[in-house]
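**Student:** First, the structure itself, so that you have it in front of you.
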Amino acid sequence: MSQANAVVVPSKQKRNLTRTDIQAYLLQARAFIALILVVAAFTILVDGFLAPANIIIIAKQVAVNAIMGIGMTFVILTAGIDLSVGSIVGLTAMIAGGLLTEGLVLPWFGPDGIIIFFN
């Protein structure tokens, strides 16, 4: 074999992290760092913060906003930007609250109607 056909592969030099690189990494991870700081603060300040029952309650509280966020992400990605979703959610919450307290009256099912409670 002749050396004319040999392929020279440049070696990768190990690059040292500079201060600018570290600042860029911290800037990209700022939301995750803030989450870690908040969880650490509440863990220190509140007894039983990391208890399974409390984590389940927090997950239930966050689930509604997470589902709305995922839906809004798909709406924005498909270029159907409609930011009035918050008012629709508010209206739906008011209707659901009314149905939970007053019930749903269906008068066409007789003289007294049918009252359906959603409790």
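Every number here is computed from the coordinates shown, using simple stated rules; none is lab data. These figures come from a predicted structure and were not determined experimentally. Here the Cβ positions follow ideal geometry from the backbone for every residue, glycine too, while neighbour counts run over all protein chains shown.
**Student:** What nm distance separates the two modelled labels at Ala31 and Leu50, each placed 7 Å from Cα along Cα→Cβ?
**Tutor:** Once both label points are built, they end up 2.4 nm from each other.
**Student:** Also, I was wondering about something else. Using each residue's phi in the stretch 67-76, evaluate 6.51 cos²θ - 1.76 cosθ + 1.60 at θ = phi - 60° and report the 3J(HN,Hα) Karplus result to the nearest Hz, with x for Gly and Pro.
**Tutor:** Karplus-based 3J(HN,Hα) across the stretch 67-76 equals 5, 5, x, 5, x, 5, 4, 5, 5, 5 Hz.
**Student:** Relative to the present Cα-Cα distance, how much length would full extension add between Thr92 and Ala59 at 0.36 nm per residue of separation?
**Tutor:** Gain in length upon complete extension: 9.7 nm.
**Student:** Figure the gain on full extension for Ala66 and Asp21 (residue separation times 0.36 nm, minus the Cα-Cα span) and round it to one decimal in nm.
**Tutor:** 13.0 nm
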